[in-house]
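What follows is a short report on a single structure.
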Amino acid sequence: MTVFTKVILFTDTDGRAKFREEPVALPEGNPQSMLSALSPSGGYQLRHSPLGFRSQFHCTVTPQWVFILGGEMEIGLQGGMSRVFKPGEHFYSADVLPDGATFDASRHGHWSRQVGPDPLTTLFVRD
């Protein structure tokens with residue numbers, strides 16, 4: 001069976017944001033058009049970020065898919081690790097603040113920024 005690789009930004013048991021990948025089965029459709037099961041969504045937003053955009057450390061409030069439509073987006077984690085996503089790439093942003101925790105920018109969350117020569121255009125699809 002063909003699978004889709006879901007890149008996930010999540011909060012680990014130590015309270016820090018990390019990346020992992022998991023397969024999503026594509027059991028529907030036909031050999032020319034394999035499909036996953038239909039998933040509900042809570043709406044979408046488009047975002048334009050100009051050259052030089054960079055956020056502060058923050059946690060995801062509502063888990064959501066992030067699709068890069070144009071430009072490049074870098075996601076940075078505590079400890080210095082980062083990952084760049086280009087047009088056509090995605091990640092599932094689910095690094096929510098742990099239950100009972102108070103946000104601490106030296107421990108929790110991630111930052112994002114526009115990189116490369118083009119403005120950043122993203123599509124956010126909420127669960």
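What follows draws every value from the coordinates through simple rules; no lab data is involved. Treat the numbers as computed from the prediction; the structure is a model and nothing was measured. Cβ: placed from backbone, ideal geometry, glycine included. Neighbour counts: every protein chain shown.
What the phi angles of the stretch 83-94 give under the Karplus curve with 6.51, -1.76 and 1.60, with θ = phi - 60°, is a coupling list of 9, 9, 10, 10, x, x, 9, 8, 7, 9, 8, 9 Hz, glycine and proline written as x. Cβ crowding within 10 Å, taken as a proxy for footprinting-reagent exposure, orders ILE68, ILE8, ILE75 from fewest neighbours to most as ILE8, ILE68, ILE75. Over the chain, the Kirkwood radius and the radius of gyration, each from Cα atoms, give a ratio Rg/Rh of 0.99. Tally Lys and Arg at +1 and Asp and Glu at -1 over the other residues with C-beta under 12 Å from the C-beta of SER36: what net charge comes out? In short, 0. In a DSSP loop and with at most 10 other Cβ atoms within 10 Å, there are no chymotrypsin sites (Phe, Trp or Tyr not before Pro) in the stretch 62-121. Across MET34, MET81, MET73, mean-square fluctuation computed from a Gaussian network of the chain (C-alpha pairs under 10 Å connected) peaks at MET34.
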